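Below you'll find the structure, written out as C-alpha cells, and then a few comments.
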Amino acid sequence: MGPAAAAEFLRLLAEGAPAASDAEHPRTILLSDPDVPDRSDGIMGLGPDPLPAIKKDLLQLVEWGAEVLAVPCNTAHFFIDRFREELSVPLVHIVEATVNAARRASPEGAWLVATSGTQKSLIYPACAEKAGYLFLRPSREQQECVQQSLRAVKAGDMGRAAELLKEVVEALWREKDLPITTACTELPLAYAAAGLPPDRQISSLQALADACLDLLYERGDGAAGWGVGAFMPR
C-alpha cells in the first residue's frame, strides 16, 4: 500500500468521526511497513509470500495496544483470512465492508475494479456470493490498464493514473451502467483525479473507514477509550 492511500484512509477516519474535539477522536496507531512483499505479486506467483510479514505486523499492533485492527489493502485480506481467527482483537474486514456498501448503494450489482491479485484470489466474488450479490469484472485488457493505473498512483504519477482509469471506467459504463467498486485502495485516488462522478463510485477506502467508525462509536461514550491499529503495507 502506498503513502497516498494511507494518508487518505486517515483523512477519512478524521473527517467521518462524530467528534467535536481532539479528545473525541479514536487513538490511532499507524504501522507502515515497506518491507512487506507485494501482495498481488504473491498471489500471482511473481514474488515471495507476504503472509508472515502481515501477520507479524498485526500482532505487533495488538502488542502496542490496538483494540481494533484495520488493513487498508484489499489484496492483503487474501492472506489475512488464513489467520484471522488467531487475532485476539476484532479486525474490520475491508472486503466485507465494501460488499455491504455496494449492496446498499446498488442492489442490482456493480463493477469490480481491483488489483490483478485481488481479481485472481476471488475474495470479492466469494464474499458477494454469500450475500447474494453480483459483481461484474473487466476484460483482461481492461484489467491490465487498471493495474497500470494503481501502479501509477504508487509512483506518484496521478495524471497517468487518472487517464488510464478513466478510459476503463467509461468503457465499462458503455457496456453496463452500474457503479464502480474501487476495490484497491489506490484506485479511489485515481478515480477522483479523473474527475469521474463521486456518486458512481463505491470506494473500499470509504467503506473501511465507515465500518471502523461504526464499530468504534457504538461502544460507550465515543471512541476516546479505543485504539484503532491501522496496518498499511506499502
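Has the stretch 46-67 got any residue that is open to solvent by less than 60 Å² (accessible area, probe 1.4 Å), small (G, A, S) and modelled with pLDDT under 90? Scanning the stretch 46-67, I find at least one residue that is open to solvent by less than 60 Å² (accessible area, probe 1.4 Å), small (G, A, S) and modelled with pLDDT under 90, so the answer is yes.
Whenever a residue of the stretch 146-160 is without any contact (Cβ under 8 Å) to a residue 24 or more places away in the chain, its partners that are open to solvent by less than 70 Å² (accessible area, probe 1.4 Å), lying with C-beta atoms within less than 7 angstrom and at least six residues away or across chains, give the pairs Q148/L164; R160/A152. Is there a residue in the stretch 16-39 that is open to solvent by less than 10 Å² (accessible area, probe 1.4 Å), among the aliphatic types (A, V, I, L, M), assigned to a loop (DSSP other than H, G, I, E, B) and closer than 27 Å to Q119 by Cβ? Yes - at least one qualifying residue is present in the stretch 16-39.
Could you go through the stretch 144-161 and let me know if any residue there is of a type in the set (K, R) and in contact with a helix residue (DSSP H, G or I) (Cβ under 6 Å, 6 or more places away or on another chain).
Within the stretch 144-161, the subset of a type in the set (K, R) is 151, 154, 160.
Next, from what is left, pick out any that are in contact with a helix residue (DSSP H, G or I) (Cβ under 6 Å, 6 or more places away or on another chain): 160.
Within the stretch 144-161 (the criterion being of a type in the set (K, R) and in contact with a helix residue (DSSP H, G or I) (Cβ under 6 Å, 6 or more places away or on another chain)), the answer is yes, since at least one residue qualifies.
For Q147, work out the one condition from (1) under 22 Å from A7 (Cα atoms); (2) open to solvent by less than 10 Å² (accessible area, probe 1.4 Å); (3) not basic (K, R) it doesn't fulfil. Here Q147 meets the rest and fails (2).
Within the stretch 173-192, restricting attention to residues that are surrounded by 19 or more Cβ atoms within 10 Å (Cβ to Cβ), assigned to a helix (DSSP H, G or I) and of a type in the set (A, V, I, L, M), the residue that is farthest from the chain's Cα centre (by Cα) is A190.
The values are calculated or read from the model by the stated rules, or taken from the named source; none is laboratory data. Just so you know, these numbers come straight off a predicted model, no measurement behind them. We place every Cβ from the backbone using ideal geometry, glycine too, and count neighbours over all the protein chains shown. Calculation scope for accessible area: heavy atoms of the full protein, side chains included, ligands and nucleic acids excluded. Shrake-Rupley method; radii C 1.70, N 1.55, O 1.52, S 1.80 Å.
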